[in-house]
């Protein structure tokens, strides 16, 4: 993605080469064809990421292969793992980085597996909203460096990390975050030898052997500015972000003890964590052992969307 150039005109705005129509009353606003008349986020903070709408193509008809037959993965590759109705599927980041969204269905559950490489955030949502399974695509727009998704049924824009529609007919509707596991391919294939893996046969010609964001991952610099810059942790420190009952808490990977059970409370709910450092695998449950959803992300991204987040540290 290329950093956008923003120029303000008296009655218009040019954002990364895309003309945005503004009426004198600032009510009729469009970016890349998306109407922002009643956006719940500042329009000035919406930025074009470079590729146009669907320039990063979602995978809408995913194919899967048995774990035993996978040859394209390396042991330290990361996957998003999701289990429903007794079936476990792995979504490799080396595929997600080229598509950012997979619209999938397991049994009766329609899910959206989304990944923003700029924020490091990988999340699985229930994509049924108001009784209708929505199909999501990549809008080509960013908010606070995070992908803005859109649904093809209503063309509402959805903020991944805000987990809500921020413009369009669905504005204000929330997405339900589902419990997923995030771990290395080595650990996943050992834990789920009968599981299924998203195939590279996506219908698109992409070099899934290449990591396009490897330099970005190693650099503290951001491609796009964000509005909050708390210095509690390094900009791209990895955290597991938890949001429960209106309370946000970040668990830095570097602070979590390896292999030990950590007991904590978030939003009045007792939780337990166990972190396998070698496999970057965090297991988070409530006190009864039921999985609790969390978001792996860079620190800068989590604190931007949760400015009042607390940060876990041993003994606190």
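Listing for the model above:
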{"item": "Filter result for the condition that a residue is at pLDDT 50 or above and at positive phi, over 55, 17, 33", "result": "33"}
{"item": "Which numbered condition residue 279 misses (of (1) buried (at least 20 other Cβ atoms within 10 Å of the Cβ); (2) touching a helix residue (DSSP H, G or I) at 6+ places or on another chain (Cβ under 7 Å))", "result": "(1)"}
{"item": "Enumerated strands (runs of 3 or more DSSP E) restricted to the stretch 137-185, each holding at least 3 residues that are farther than 27 Å from residue 290 by Cβ and in the same structural domain as residue 118 (by TED's automatic domain parsing)", "result": "146-151, 164-167"}
{"item": "Matching entry among 246, 241, 267 (being closer than 24 Å to residue 124 by Cα and surrounded by fewer than 13 Cβ atoms within 10 Å (Cβ to Cβ))", "result": "246"}
{"item": "Among the residues listed as 167, 199, the single one being under 18 Å from residue 114 (Cβ atoms), touching a strand residue (DSSP E or B) at 6+ places or on another chain (Cβ under 6 Å) and either surrounded by fewer than 16 Cβ atoms within 10 Å (Cβ to Cβ) or touching a residue at least 12 places away in the same chain (Cβ under 8 Å) (or both)", "result": "167"}
{"item": "Check on residue 141, surrounded by 21 or more Cβ atoms within 10 Å (Cβ to Cβ) and closer than 14 Å to residue 46 by Cα", "result": "yes"}
{"item": "Meets criteria (surrounded by fewer than 17 Cβ atoms within 10 Å (Cβ to Cβ) and either within 21 Å of residue 122 (Cβ to Cβ) or modelled with pLDDT under 95 (or both)) for residue 274", "result": "yes"}
{"item": "Test: residue in the stretch 206-218 that is in contact with a strand residue (DSSP E or B) (Cβ under 7 Å, 6 or more places away or on another chain), in contact (Cβ under 8 Å) with a residue 40 or more places away in the chain and surrounded by 11 or more Cβ atoms within 10 Å (Cβ to Cβ)", "result": "no"}
{"item": "Qualifying residue in the stretch 220-227 (condition: touching a helix residue (DSSP H, G or I) at 6+ places or on another chain (Cβ under 8 Å), in contact (Cβ under 8 Å) with a residue 12 or more places away in the chain, farther than 23 Å from residue 148 by Cβ and outside the structural domain of residue 96 (by TED's automatic domain parsing))", "result": "no"}
{"item": "Residues being out of contact with any helix residue (DSSP H, G or I) (no Cβ under 6 Å at 6 or more places or on another chain) and in a loop (DSSP other than H, G, I, E, B) - total across the stretch 59-86", "result": "11"}
{"item": "Residue 39 being crowded, with 19+ Cβ neighbours inside 10 Å and assigned to a loop (DSSP other than H, G, I, E, B)", "result": "yes"}
{"item": "Top-ranked residue of the stretch 279-316 - restricted to ones that are outside any loop (DSSP other than H, G, I, E, B) and without any contact (Cβ under 8 Å) to a residue 40 or more places away in the chain, ranked as farthest from residue 81 (Cα to Cα)", "result": "286"}
{"item": "Residue in the stretch 250-258 that is buried (at least 20 other Cβ atoms within 10 Å of the Cβ), touching a helix residue (DSSP H, G or I) at 6+ places or on another chain (Cβ under 9 Å) and either in the same structural domain as residue 179 (by TED's automatic domain parsing) or not in a loop (DSSP other than H, G, I, E, B) (or both) present", "result": "yes"}
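The values are calculated or read from the model by the stated rules, or taken from the named source; none is laboratory data. This is a predicted model, so every value here is computed, not measured. Every residue, glycine among them, receives a Cβ derived from its backbone with ideal geometry; neighbour counts consider all protein chains shown.
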